[in-house]
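The values are calculated or read from the model by the stated rules, or taken from the named source; none is laboratory data. Computed from a predicted model, the values in this text were never measured in an experiment. So basically every Cβ, Gly included, is an ideal-geometry build from the backbone, and we count neighbours across all protein chains shown.
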Amino acid sequence: MADSLTPTQRSENMRRIRGQDTKPEIALRSALHRQGFRFRKNDRRLPGKPDIVLPKYRTVVFVNGCFWHRHEGCSKATTPKTNTEFWMKKFRENVKRDAAKTAQLRDMDWKVLTVWECEISSDLEGVAREIIGEVRSTAASQPPEA
Ligand SMILES: [Zn+2]
């Protein structure tokens, strides 16, 4: 069956289906780890199985693929020219699911951060710095741990 996914998108898709870690996830985890942060990954106990969970800071990070999660204005968020209706529906479902899991997590008092694969590939250290900044501001607003 012909489709119009690029090889990168296709292999990324296969990784998702097999439940393996994607390259941007691995890169970001390593960057955070180097900065001394400890986390759980793909925590099944939380809505949406967040890619990175920082329990100490009650913060989760989703590493979103630009194509599947529709990064607005991103050149990677293309729409295949064949089976367009099918894809549009699929994308709408993904975006809706993302919004729902974010809302659920926020209701449970988690801070939810979303980062995009293109940001990680262009500026990994910058993304890591931003997350660390967010996490530190969360920690500062909370009473010290007992
Ligand atoms: Zn993007």
I'm trying to understand the selection: among the residues of segment 51-64, which are away from the ligand (no atom under 11 Å from the Cβ) and either in a loop (DSSP other than H, G, I, E, B) or crowded, with 19+ Cβ neighbours inside 10 Å (or both)?
ASP51, ILE52, VAL53, LEU54, TYR57, ARG58, THR59, VAL60, VAL61, PHE62, VAL63
If PHE67 satisfies all but one of (1) of a type outside the set (Val, Ile, Thr); (2) within 16 Å of the ligand (Cβ to nearest atom); (3) buried (at least 18 other Cβ atoms within 10 Å of the Cβ); (4) within 22 Å of LYS111 (Cβ to Cβ), what's the number of the condition it fails?
(4)
For segment 117-124, check the following and say yes or no: at least one residue is modelled with pLDDT of 95 or more, within 15 Å of the ligand (Cβ to nearest atom) and either part of a loop (DSSP other than H, G, I, E, B) or in contact with a Cys (Cβ under 6 Å, 6 or more places away or on another chain) (or both).
yes
Every listed condition ((1) more than 15 Å from the chain's Cα centre (by Cα); (2) modelled with pLDDT of 95 or more; (3) surrounded by 14 or more Cβ atoms within 10 Å (Cβ to Cβ)) holds for GLN9 save (2)
Can you confirm whether GLY48 is surrounded by 14 or more Cβ atoms within 10 Å (Cβ to Cβ) and within 16 Å of the ligand (Cβ to nearest atom)?
no
How many of the residues making up segment 104-113 are surrounded by 14 or more Cβ atoms within 10 Å (Cβ to Cβ) and outside any helix (DSSP H, G or I)?
4
